[in-house]
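Contents: one structure, followed by commentary.
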Amino acid sequence: MDASWTKQANSGDETTGSGQSTLVSLVNDVKHMVESRNSAALPAAFDLLEAWLTAHFADEEMKARAANLDFSNRKLEQQFELNELLFLKNELSAKNGVWSDGEAKLDIQFLSNWLIEHIANEDLQKCQPQANVGSGICKGTVALAQAV
């Protein structure tokens, strides 16, 4: 089941909303590769996701630093997120497209949960007011991505 990004489910910041829409699309591409057991295209789909996340994380750090926010814990969280995806990529690559429907379902569920966790609990969290600053990095209201 793919996730989708709707207009009302963004942070109110056009850049953030567009970025989250791209993230949803990239994760959905990986999920399709897992579902179809397309082991030839799967590494490239993961590579695109990793490259986008790396750029996204650098942008996130730049905005946090510009707002004088402590970014040290978030930096560790970012590395953990990348490591989770790298682990899954390596695990699936080693299986070379030979995994059961149950394994595919679990991996797809993991990716869906990872995406929701990233958007709901991490990416949009920076939009919330910070105790020491009084405002977050984003503008507007916070809403969640919706799975369909």
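The values are calculated or read from the model by the stated rules, or taken from the named source; none is laboratory data. Remember, predicted model here, so these are calculated numbers, not experimental data. Methodologically, a virtual Cβ is constructed for each residue, glycine included, from the backbone with ideal geometry; neighbour enumeration extends over all protein chains shown.
Here 123, 70 are screened, and the one residue that is at pLDDT below 95, surrounded by fewer than 13 Cβ atoms within 10 Å (Cβ to Cβ) and in contact with a helix residue (DSSP H, G or I) (Cβ under 9 Å, 6 or more places away or on another chain) is 70. If you filter region 1-21 down to residues that are under 13 Å from residue 111 (Cβ atoms) and more than 13 Å from the chain's Cα centre (by Cα), you find that the one that is modelled with the highest pLDDT is 2.
Only a single item in (1) modelled with pLDDT of 90 or more; (2) over 23 Å from residue 94 (Cα atoms) is not met by residue 41, and it is number (2).
The residues in region 70-121 that are not hydroxyl-bearing (Ser, Thr, Tyr) and not in a helix (DSSP H, G or I) can be counted, and the count is 6. Does region 22-33 contain any residue that is at pLDDT below 90 and touching a strand residue (DSSP E or B) at 6+ places or on another chain (Cβ under 7 Å)? No, every residue in region 22-33 fails to be at pLDDT below 90 and touching a strand residue (DSSP E or B) at 6+ places or on another chain (Cβ under 7 Å).
Taken as a whole, the condition of being touching a Ser or Thr at 6+ places or on another chain (Cβ under 9 Å), modelled with pLDDT under 95, over 22 Å from residue 101 (Cα atoms) and acidic (Asp, Glu) applies to residue 59. Pairs meeting the criteria (first residue in region 50-62 and closer than 13 Å to residue 76 by Cα, second residue of a type outside the set (Asp, Glu) and surrounded by fewer than 16 Cβ atoms within 10 Å (Cβ to Cβ), beta carbons under 7 Å, at least 6 apart or on different chains) are 61/75. From the list 40, 94, 64, the lone residue that is surrounded by 11 or more Cβ atoms within 10 Å (Cβ to Cβ), more than 17 Å from residue 27 (Cβ to Cβ) and not charged (D, E, K, R) is 64.
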